[in-house]
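Asker: There's a structure below that I have some questions on.
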Amino acid sequence: MVIGIFLAAEITLAFVGGLSALMLFWSFTVMGEYYVVSLVLSCTLVGALVGLEIPLLIRILEKRVEVRVAISHVLALDYVGALVASIAFPLLLLPYMGAVWQRAKPEILDVRTLFMGVNGSFHND
């Protein structure tokens, strides 16, 4: 059950996050000064879905290891991922991919990694 919710949240996050740049460019041209509404909705939806990731991962991992160990592993990997992304975004993604592809390609990679993890780690659940 928790794995299904996690999968749905990650796929929705990849879809919304990957299309957010295109949606915001479109809403700026169509809605004019009211594009802020789509900006707030996009940020709220992405923020809510990102906020679901850590509690769901901890719930999934607490079946395999202690809660203390699960929390430390999830938070450590979250920190490393944020560090790599914050360095890669201004130095690699934005200059070489542009504003639209720099949002879509990491989300595609995220979904591929998600399905590899589901097929490998969670297959026994």
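Coordinate-derived values only; no laboratory data. Computed from a prediction, not measured in an experiment: that's the story for all the values here. Using ideal geometry, Cβ is built from the backbone for each residue, glycine included, and neighbour counts are taken over all protein chains shown.
Asker: Across region 30-44, in residue order, what do the Karplus-derived ³J(HN,Hα) couplings come to in whole Hz, using 6.51 cos²θ - 1.76 cosθ + 1.60 with θ = phi - 60° and x for Gly and Pro?
Answerer: 8, 8, x, 6, 8, 5, 4, 4, 5, 5, 5, 5, 5, 5, 5
Asker: Then there's this: Along the Cα→Cβ direction, 7 angstrom out, place labels at ARG68 and VAL46. What is the inter-label distance in nm?
Answerer: 3.7 nm
Asker: Can you pull out the trypsin sites (Lys or Arg not before Pro) in region 40-74 that DSSP calls coil and that have at most 11 other Cβ atoms within 10 Å?
Answerer: On the way: sites: ARG59, LYS63, ARG64, ARG68; in loops: LYS63, ARG64.
For trypsin sites (Lys or Arg not before Pro) across region 40-74 that sit outside H, G, I, E and B with at most 11 neighbouring Cβ atoms in 10 Å, the list reads LYS63.
Asker: Provide the gained length on full extension for the span PHE115 to ARG59, in nm with one decimal, where the gain is 0.36 nm per separating residue minus the Cα-Cα distance.
Answerer: Numbers: separation 56, 0.36 × 56 = 20.16 nm, distance 1.83 nm.
Full extension of this stretch gives 18.3 nm more.
Asker: Let me ask another. Output the relative contact order of region 2-120, whole-number percent, from Cα pairs under 8 angstrom with separation of 6+ residues. Intermediate values should be presented prior to the final figure.
Answerer: Details: 69 pairs, mean separation 50.5, N = 119.
Once normalised by length, the contact order is 42 percent.
Asker: Considering the values (i) 2, 8, 10, 11, 9, 8, 8, 7, 6, 6, 5, 4, 4, 3, 3, 2, 2, 1, 1, 1, 0, 0; (ii) 2, 10, 15, 21, 20, 14, 9, 6, 3, 1, 0; (iii) 2, 10, 19, 22, 19, 14, 8, 4, 2, 1, 0, which represents P(r) over Cα pairs in 5 Å bins from 0, in percent as calculated for the structure under consideration?
Answerer: Structure-derived value, by its label: (ii).
Asker: Residue by residue through region 17-25, which ³J(HN,Hα) values in whole Hz follow from phi under the Karplus form 6.51 cos²θ - 1.76 cosθ + 1.60 (θ = phi - 60°), with glycine and proline marked x?
Answerer: Whole-Hz 3J(HN,Hα) from phi for region 17-25: x, x, 9, 5, 5, 4, 5, 6, 4.
Asker: Quick check: residue separation of SER86 and ILE108 times 0.36 nm, minus the Cα distance between them. What number comes out in nm?
Answerer: Working: separation 22, 0.36 × 22 = 7.92 nm, distance 1.79 nm.
Gain in length upon complete extension: 6.1 nm.
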